[in-house]
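The structure appears below as structure tokens.
The values are calculated or read from the model by the stated rules, or taken from the named source; none is laboratory data. The structure presented is a predicted model; accordingly, all values stated were derived computationally and were not measured. With ideal geometry, Cβ positions are generated from the backbone for all residues, glycine too; neighbour counts draw on all protein chains shown. The accessibility values were calculated without ligands, DNA or RNA, using every heavy atom of the protein model including side chains. Shrake-Rupley method; radii C 1.70, N 1.55, O 1.52, S 1.80 Å.
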Amino acid sequence: MQTPLMGQMMDVPLNVSTLLVHAARYAGHTEIVSRRIEGDIHRYTYRDCEQRAKQLAQALIRLGVAQGDRVATLAWNGYRHLEAYYGTTGFGAVCHTINPRLFPDQIAYIVNHADDRYVLFDTTFAPLVAQLAPRCPNVKAWIALADDENIPSIDAPLLGYESLVRAQDGDYAWPALDERLASYLCYTSGTTGHPKGALYSHRSVYLHAMGAALPDAMGFSAHDSVLPVVPMFHVNAWGIPHGAPLAGAKLVFPGKDLDGKSLFELMEAERVTFSAGVPTVWMSLLAHVKSIGARFSSLQRTVIGGSCCPPSMLATFEDEYGVRVIHAWGMTEMSPLGTLARLNWEQSQRPLAERRRLLQKQGTVICGVDMKIVGQDGRELPRDGIAFGDLHVRGPWVIDRYFSSDESPLVDGWFPTGDVATIDPDGFLQITDRSKDVIKSGGEWISSSELENIAVAHPDVAEAACIACHHPKWDERPLLVVVKRPGAAVTREALLAFFEGKVAKWWMPDDVVFVDELPHTATGKLLKLKLREMFREHVLPTAREGAASR
Ligand code: AMP
């Protein structure tokens with residue numbers, strides 16, 4: 001057999017540190033602005049950030065942290081958190097970002113499961129650290145992201161971040177690491193069972209950052225001022241802390257104040273052009289902007305994902321404020337970006353209604369990721385926009401297996417996402433449900449997501465969830481659970497009438513129930529398992545009559 005002819009190019013490893021080095025060299029004076037938990041605004045540059053990340057690396061090495069060791073963070077979006085990203089991964093340690101919104105039991109489980117050596121925390125989380133410390137004996141010290149005078153007095157082995165960093169000179173060269181080494185550890189929210197860890201490599205993070213930065217993905221430029229509302233403790237803030245330095249974009253960190261007023265003021269003050277977050281955040285931002293009759297003077301585009309972006313929100317941003325919405329889908333197991341809704345040249349020539357129809361979907365994959373939908377028998381389903389199936393993905397930033405688990409979650413080399421979706425002839429993905437949340441009426445599937453989107457388009461509805469409710473004839477029928485806007489008086493009948501003509505008759509919810517609030521996961525997604533439990537005994541009016549219209 002002939003010897004294969006190999007390419008003869010340099011094998012330079014793709015390292016996370018090189019993203020920050022690039023920004024420090026070529027956007028050295030570009031600012032990183034943070035609203036600190038101390039209450040003030042902190043400003044410095046990429047050059048300063050790299051310097052302090054090196055000092056942190058030196059400090060951690062002095063403390064005995066070795067390559068492969070896990071160093072955790074419990075922190076808001078801010079410059080010290082960014083230093084922690086690079087100051088750990090830069091020398092081969094693993095940055096484990098913890099979601100402080102999880103239950104303390106889950107956090108203790110995660111810290112022990114990850115075997116974290118040190119945990120860096122914002123002092124707002126001091127009460128949480130006090131609870132966790134006795135339950136996490138392997139953590140050598142909890143490092144307060146603060147000056148010595150602001151270190152909280154709690155019963156735990158504590159160190160002060162600023163004094164640790166200040167004690168080092170920053171005379172340190174990032175080592176070239178094998179690109180397959182682990183870099184970040186992120187746990188899923190764990191709505192059922194324990195959270196599971198996704199362990200990213202340097203290579204996967206680097207490639208994901210390049211994919212995210214592409215013009216038709218998040219599209220970062222050195223002219224952008226980027227404000228990630230999505231937390232750095234949730235899937236690396238969708239890769240923004242890597243994609244922004246790669247492009248040399250200005251970074252603006254909102255800290256802990258994520259209400260509409262605080263965000264809007266920061267966006268205006270820092271001339272933010274790009275932002276990203278989950279729909280609930282934008283709901284409060286839009287409500288604030290409307291209440292004061294303001295306009296966005298610099299914001300050009302925003303990525304909305306994590307849950308389905310209601311079409312009404314997309315229309316408000318675009319029609320009333322001229323801000324382009326990019327609907328995106330992804331998950332922890334895919335670093336997280338999978339798809340984004342952007343039109344190609346030909347699609348952008350189509351009539352407005354057709355363009356909108358596409359942009360409301362979750363979009364097409366970033367080059368590098370591949371997706372397909374499969375039926376119950378595992379066979380691929382047509383990309384006709386009609387067939388529903390289990391969504392499977394693969395690519396260089398999709399997990400192969402979970403941290404500390406030998407079992408492969410893959411099916412024929414593909415990762416089953418647990419989402420149910422359609423893919424249309426344009427290649428646009430539309431998520432219809434989580435597979436365990438799907439509503440099966442007489443053997444046919446009803447998309448809860450589509451019904452929820454219609455419900456929230458009603459002016460009196462603040463939030464809505466659609467769940468399967470037992471039905472004696474059809475097995476399951478949709479039940480709509482609604483939170484009204486304050487002071488709204490909408491009735492069950494009026495809401496049901498609102499669905500007329502918008503969906504097939506057999507998709508119409510069989511009942512509407514009003515509640516004060518809906519249960520959410522730590523990452524802001526609807527907790528439908530809990531809702532289904534709450535309404536397990538609910539008797540649909542159609543069940544009493546013996547049949548649902550279908
Ligand atoms: P997480 O791993 O916490 O980021 O959650 C990932 C899950 O969030 C996905 O599997 C989807 O179920 C859901 N999700 C993310 N983005 C969207 C979106 N744009 N529309 C609907 N569901 C989404």
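Seen from residue 100, the other residues with C-beta closer than 12 Å to its C-beta sum to a net charge of +1, counting Lys and Arg as +1 and Asp and Glu as -1.
On the principal axes of its alpha-carbon atoms, region 308-381 has extents of 44, 27, 23 Å, going from largest to smallest. Please label the shape of region 1-118 as rounded, prolate or oblate, based on the square roots a ≥ b ≥ c of the eigenvalues of the alpha-carbon gyration tensor (a/c under 1.5 means rounded; beyond that, a/b larger than b/c means prolate, else oblate). Oblate, because a/c is 1.5 or more while a/b does not exceed b/c. Fully extending the segment from residue 295 to residue 150 would add 48.4 nm, taking 0.36 nm per residue of separation and subtracting the current Cα-Cα distance.
Within the chain, DSSP assigns beta bridges of which about 55% are antiparallel (rounded to the nearest 5). When a/c is below 1.5 the answer is rounded, else prolate if a/b is larger than b/c, else oblate, so apply that to region 30-182 with a ≥ b ≥ c taken from the square roots of the Cα gyration tensor eigenvalues. It is oblate, given that a/c is not under 1.5 and a/b is not larger than b/c. Within the assembled protein chains, the solvent-accessible surface assigned to residue 348 is about 50 Å², based on a 1.4 Å probe. Largest accessible area first, the listed residues 535, 103, 317 line up as 103, 535, 317 when surface is computed with a 1.4 Å probe on the assembled protein chains. The listed residues 434, 401 rank as 401, 434 when sorted by accessible area, largest first, using a 1.4 Å probe. Counting only Cβ charges, +1 for Lys and Arg and -1 for Asp and Glu, the dipole size of region 350-435 around its Cα centre is about 520 debye.
How high is the FRET efficiency from residue 194 to residue 31, r the C-beta distance, R0 56 Å, rounded to 0.05? Working from the Cβ atoms, E equals 0.90. In this structure residue 280 has an accessible area near 60 Å², from a 1.4 Å probe over the protein heavy atoms.
Translational diffusion of region 289-436, estimated by Stokes-Einstein from the Kirkwood radius over alpha carbon pairs at 20 °C in a medium of 1.002 mPa s, is 129 µm² per second.
Rounded to the nearest 0.05, what FRET efficiency do residue 460 and residue 280 have when you use their Cβ-Cβ distance and R0 = 25 Å? Efficiency computed from Cβ-Cβ geometry: 0.90. Positive-end ranking of 487, 336, 12 along the dipole of the chain, with charges on Cβ about the Cα centre, is headed by 487. In this structure residue 380 has an accessible area near 110 Å², from a 1.4 Å probe over the protein heavy atoms.
Here's the list of aspartates and glutamates a cross-link from residue 54 could span, going by alpha-carbon distance under 16 Å and ignoring same-chain residues fewer than 8 apart: 83, 162, 169, 171. Ligands, DNA and RNA left out, the accessible area of the chain computed with a 1.4 Å probe is 52% carbon and sulfur. The orientation-averaged projected area of the convex hull spanned by the Cα atoms of the chain comes to 28.4 nm². With both residues required to sit in region 458-550, DSSP beta bridges show an antiparallel share near 75%.
3J(HN,Hα) couplings calculated from phi for region 8-23 with the Karplus curve 6.51 cos²θ - 1.76 cosθ + 1.60 (θ = phi - 60°) are, in sequence order, 10, 10, 4, 9, 7, x, 7, 10, 4, 4, 5, 5, 6, 4, 4, 5 Hz; Gly and Pro show x.
The residue among 461, 376, 425 whose Cα reaches farthest toward the positive pole of the charge dipole of region 374-463, with charges on the beta-carbon of Lys, Arg, Asp and Glu, is 376. Counting Lys and Arg as +1 and Asp and Glu as -1 over every other residue whose Cβ lies under 11 Å from the Cβ of residue 358, the net charge comes to +3.
Here region 144-242 is assigned +1 on the Cβ of each Lys and Arg and -1 on the Cβ of each Asp and Glu. Its dipole about the Cα centre then comes out at about 560 debye. Gap in Å between the Cα centre of region 120-140 and the Cα centre of region 359-390? The distance from the Cα centre of region 359-390 to that of region 120-140 comes to 42 Å.
Across the protein chains, with a 1.4 Å probe defining accessible surface, the residues 534, 313, 6 rank 6, 534, 313 from largest area downward. Can you give the local net charge around residue 297? Use residues other than it whose beta-carbon is closer than 9 angstrom to its beta-carbon, Lys and Arg +1, Asp and Glu -1. Net local charge, residue 297 excluded: +1. Modelled this way, with points 7 Å down the Cα-to-C-beta line, the labels at residue 412 and residue 319 are 4.3 nm from one another.
Looking at region 1-130 alone, DSSP beta bridges between its own residues are antiparallel in about 35 percent of cases. Per residue, the chain exposes 42 Å² of solvent-accessible protein surface, assessed with a 1.4 angstrom probe and all protein chains in place. Prolate is the label for region 145-233. Its Cα gyration tensor axes, ordered a ≥ b ≥ c, give a/c of at least 1.5 and a/b above b/c. Summary of the geometry: region 43-72 and region 142-174, compared by the centres of their Cα atoms, lie 11 Å apart. Once divided by 2.2 N^0.38 Å, the Cα radius of gyration of region 116-265 becomes 1.21. What is the dipole size for the chain, taken about its Cα centre, with +1 at each Lys and Arg Cβ and -1 at each Asp and Glu Cβ, in debye to the nearest 20? Dipole magnitude for the chain comes out near 380 debye.
Amide H neighbours of residue 471 under 5 Å, at least 5 residues apart or on other chains, H built in the peptide plane: list them. Those qualifying (amide H under 5 Å, at least 5 residues apart or on another chain) are 476, 477.
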